[in-house]
Amino acid sequence: MSQKRSNASLFWAAFIIVVIAAGVYVLYPFWKDIRVKQNELQKQEAELHDLKKRQMRLQQQNQDLQTSPAAVEKVAREELRMVRKDESVVYLPKDAEAKWKEKRDAERK
């Protein structure tokens, strides 16, 4: 009787292990797909957050441009390169400031 009980216990233990292994084998692709979708969702949520920040910044800029002449002048000068009649514009190469600082530092030593 003890041997029958031992064989039955062994059978059920093996059966449970096989069922668990089959379950893992069947469910693993779904779990992997869920992980991929969660990563995509996190990326899209981060992108949405960035877009909302940009939208708020643009709305503020729009409001400033509608109410503030200084904001309009700033955009005209910086983005459209506009100047007043009595002003002159001097364009420097992009690295001019860095070269000037290097030269100044070399002279100080």
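Listed values, structure above:
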quantity	calculated
Condition broken by Arg84, with the remaining ones in (1) more than 37 Å from the chain's Cα centre (by Cα); (2) part of a helix (DSSP H, G or I) satisfied	(2)
Verdict on Lys85 being of a type in the set (D, E, K, R), modelled with pLDDT under 90 and out of contact with any helix residue (DSSP H, G or I) (no Cβ under 9 Å at 6 or more places or on another chain)	yes
Qualifying residue in segment 29-48 (condition: modelled with pLDDT of 90 or more and of a type in the set (Val, Ile, Thr))	yes
Filter result (exposed (fewer than 10 other Cβ atoms within 10 Å of the Cβ) and aromatic (Phe, Trp, Tyr)) within segment 88-104	Tyr91
Selection within segment 6-62 - within 30 Å of Val75 (Cβ to Cβ) and not aliphatic (A, V, I, L, M)	Glu47, His49, Asp50, Lys52, Lys53, Arg54, Gln55, Arg57, Gln59, Gln60, Gln61, Asn62
For Val72: the one exception among (1) surrounded by 10 or more Cβ atoms within 10 Å (Cβ to Cβ); (2) in a loop (DSSP other than H, G, I, E, B)	(2)
Some residue of segment 80-87 being surrounded by fewer than 10 Cβ atoms within 10 Å (Cβ to Cβ) and either in contact with a His (Cβ under 7 Å, 6 or more places away or on another chain) or hydrophobic (A, V, I, L, M, F, W, C) (or both)	yes
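Quick grid of which residues meet (1) free of Cβ contacts under 8 Å to residues at least 24 places away in the same chain; (2) part of a helix (DSSP H, G or I); (3) small (Gly, Ala, Ser):
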residue	(1), (2), (3)
Trp12	yes, yes, no
Val24	yes, yes, no
Ile34	yes, yes, no
Gln42	yes, yes, no
Glu45	yes, yes, no
Arg57	yes, yes, no
Ser88	yes, no, yes
Lys94	yes, no, no
Glu102	yes, yes, no
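Conditions (1) basic (Lys, Arg); (2) out of contact with any Asp or Glu (no Cβ under 8 Å at 6 or more places or on another chain); (3) surrounded by 10 or more Cβ atoms within 10 Å (Cβ to Cβ), marked per residue:
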| site | (1), (2), (3) |
| --- | --- |
| Leu41 | no, yes, yes |
| Leu51 | no, yes, yes |
| Arg54 | yes, yes, yes |
| Arg57 | yes, yes, yes |
| Glu78 | no, yes, no |
| Ala106 | no, yes, no |
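The values are calculated or read from the model by the stated rules, or taken from the named source; none is laboratory data. The structure displayed is predicted, hence computed values, not measured ones. In this analysis, Cβ positions are derived from the backbone assuming ideal geometry, glycine residues included, and neighbour counts consider all displayed protein chains.
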